[in-house]
Amino acid sequence: MDFTLTSPEKEGLSPLSIANLIEELHNLEIPMHSLLIVKNDRLVAENYYKPYSQDKLHRMFSVSKSLTSIAIGFLYSEGKLSLSDPIYTYFPDKLPKDVPLHPSIEKMTIRNLLTMSSCHSATTYKVNPKKDWVASFFMVEPDHEPGTTFNYDTSASHVLGALVEKLSHMKLLDYLRSKCPQGIKISSQAYFLEDPFGSPLAGSGLMAKTRDLLSLGHLVMKPEVYPELSPKFIQYIEDAKSYQVDTSMKGQTLDERQGYGYQIWRIRDNGFAFYGMGGQLMMAFPDYDLMVATTADTMAIKGGHQIIYDAVMRHLLSTASKIRPVSLPILDSKYLNRIYKVENARENPHSIEEICLELDQEKKEGQLQFTLKGKSYHLPFGLETTIESIFPVYNQYCQTKGTATNNHSLYIQSSITDESIGSVHFHLYYEGKSLHLHMQKYEEDLFNEFTGHLKAYFTGTYSK
């Protein structure tokens, strides 16, 4: 990775496009700290905003997660772990001693943690920060089964960082430095903050320079150009930056809804990103041989990092942005017209009791049927197209669309367009004879029945 500054024109990038990008971010009052651009492996722009400079460390927040994933990739390539290993087996000293381990925690694999598909919906160590942060991951009660849905869980990254240090017997960043090819430089001043118990803040604590992001971004974008890297590691990196799990239901912005790999976000234009709160970004666009790294403080600007994404794509990419995916998966027909009874529905009088999915993939239409308080309802939806109908229970107009995210899961989004304004989201994940239904509502007062996680079991086939 050559950090010798060269002119954009030599690499086929218009200086005016860079100037327009900088001007737009300034006019939108985005508090930028740095902006670096690499085209064709050459640094073509390097801007810093006082008091920040090339040599000043910056808190990178969740960019930390992507570095942790790279470290896991090196351990994997060395044969020190398998991604299918249950994570609890590596931390016998962190497990609860007086009660059995929860079945969902026993089932949780390293891959589940990498893809943010753990059994927790929120960061576990925040429940009681005065207790061991790694141990909290195994002690806080899960609220759904692992591998069934995406939830942005920083405690998963925290445990992965502890795993790196446990297996490597080195500090996380020292281990990365020792394994990276000669052409990848991580500044000697860079470090990870630690929790009160000595584990690295592997999900949020990286202190580093903006150039460090570009070095590691290049490693992920082009691992094949480094002869020191093993084929096993290169394959891991290919998987890490690829679409592994759907984020449509939980992504807060357009680029957060493009999917997730192994602690690395997918973004538009077949790109990927290391993303940290506040505008800490390393965006890579392999089709354009382009990388952009930024540091900023958008904490007080809602969706501020999306503004940076949009400006970069508008000014630096030569074609219109396109949204993943090009080819869409098809839901396996064996899951259709099957009735699933919800586990422990009687314990919650507001819970859905039964679920059945009807779907005609040729006509691109279907309906989600469910029973609530002994009464049957149905919600029609279009498949990859939006149709208007009445949202059940509340009898309000809605616009509803369904998308198969793979051959065993379906995402449904219903936008309420009546006296209420908002949306209700359903993610159906089929696993053997089980159905995991994950629901989220964004509306001020109503639709509270459609939140949380339900597990249901196959009981029979529906016939009209």
- Using a Förster distance of 25 Å, how high is the FRET efficiency between K302 and N448, based on the Cβ-Cβ distance and rounded to 0.05? 0.55
- Note on the structure: Magnitude of the Cβ-charge dipole (Lys and Arg +1, Asp and Glu -1) of the chain about the Cα centre, nearest 20 debye, reported as 680
- Given charges at Cβ of Lys, Arg, Asp, Glu: the chain dipole, positive-most of V424, Y152, N20: Y152
- Task: Treating the angle as unsigned and between 0 and 90°, give the value, to the nearest 10°, between the Cα long axis of helix 210-221 and the longest Cα principal axis of the chain.
- Result: 60
- Residues L57 and H169, FRET efficiency given R0 of 25 Å [Cβ-Cβ distance, rounded to 0.05]: 0.50
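On full extension of the chain, what length is gained from E78 through S333, given 0.36 nm per residue of separation minus the C-alpha to C-alpha distance? Walk me through the numbers before you get to the answer.
On the way: separation 255, 0.36 × 255 = 91.80 nm, distance 4.02 nm.
Taking 0.36 nm per residue and subtracting the Cα distance, the gain is 87.8 nm.
If you stretched the chain out fully between K10 and L254, how much longer would it get, using 0.36 nm times the residue separation minus the C-alpha to C-alpha distance?
Result: 84.6 nm gained on full extension.
Pull out the extension gain between N40 and Q235, defined as 0.36 nm times the separation in residues minus the alpha carbon to alpha carbon distance; nm, one decimal.
Stretched out fully, the N40 to Q235 stretch lengthens by 68.0 nm.
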- Cα-Cα over 20 Å, subset of K50/K209; K94/K166; K94/K131; K56/K179: K56/K179
- Qualifying trypsin sites (Lys or Arg not before Pro) for the range 387-459 [loop in DSSP, other Cβ within 10 Å: at most 15]: K433
- Task: Quick one: plug the Kirkwood hydrodynamic radius of the range 346-464 (C-alpha pairs) into Stokes-Einstein at 4 °C, 1.567 mPa s, and report D in µm²/s.
- Result: 89
- Note on the structure: Checking the range 212-299 for GluC sites (Glu not before Pro) in a loop per DSSP with at most 13 other beta-carbon atoms within 10 Å yields E228
- Does anything in the range 270-308 have its amide N under 11 Å from the 7 Å Cα→Cβ label point of Y90, and if so which residues? none
- Between Rg and the Kirkwood Rh of the range 202-300, both from Cα atoms, what is the Rg to Rh ratio? 0.96
- Query: Which lysines have a Cα lying under 17 Å from the Cα of K39, excluding residues fewer than 8 positions away in the same chain?
  - Reply: K10, K222
- Item | Cα-based helix-to-principal-axis angle, 154-168 vs the chain, degrees rounded to 10 | 50
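Per the Kirkwood treatment, what hydrodynamic radius in Å, one decimal, follows for the range 39-178 from the mean inverse distance over all distinct Cα pairs?
Here the Kirkwood hydrodynamic radius works out to 16.6 Å.
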- Helix 231-240: inclination vs the chain longest Cα principal axis, degrees, rounded to 10, gives 60
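Please report the relative contact order for the chain, taking Cα pairs under 8 Å with a sequence separation of at least 6, and give it as a percent rounded to a whole number.
13
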- Task: Name the longest site-free stretch of the chain, where the excluded sites are chymotrypsin sites (Phe, Trp or Tyr not before Pro) in a DSSP loop with no more than 13 other beta-carbon atoms within 10 Å.
- Result: 198-461
- Task: Could I get the Rg over Rh figure for the chain? Both from C-alpha atoms, Rh via Kirkwood, rounded to two places.
- Result: 0.99
- Query: In a shell of Cβ-Cβ distance under 12 Å around P8, excluding P8 itself, what net charge do Lys and Arg (+1) and Asp and Glu (-1) give?
  - Reply: 0
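Each reported figure results from applying straightforward, stated rules to the coordinates on display, with no laboratory input. Values in this document were obtained by computation on a predicted structure and should not be read as measured data. We place every Cβ from the backbone using ideal geometry, glycine too, and count neighbours over all the protein chains shown.
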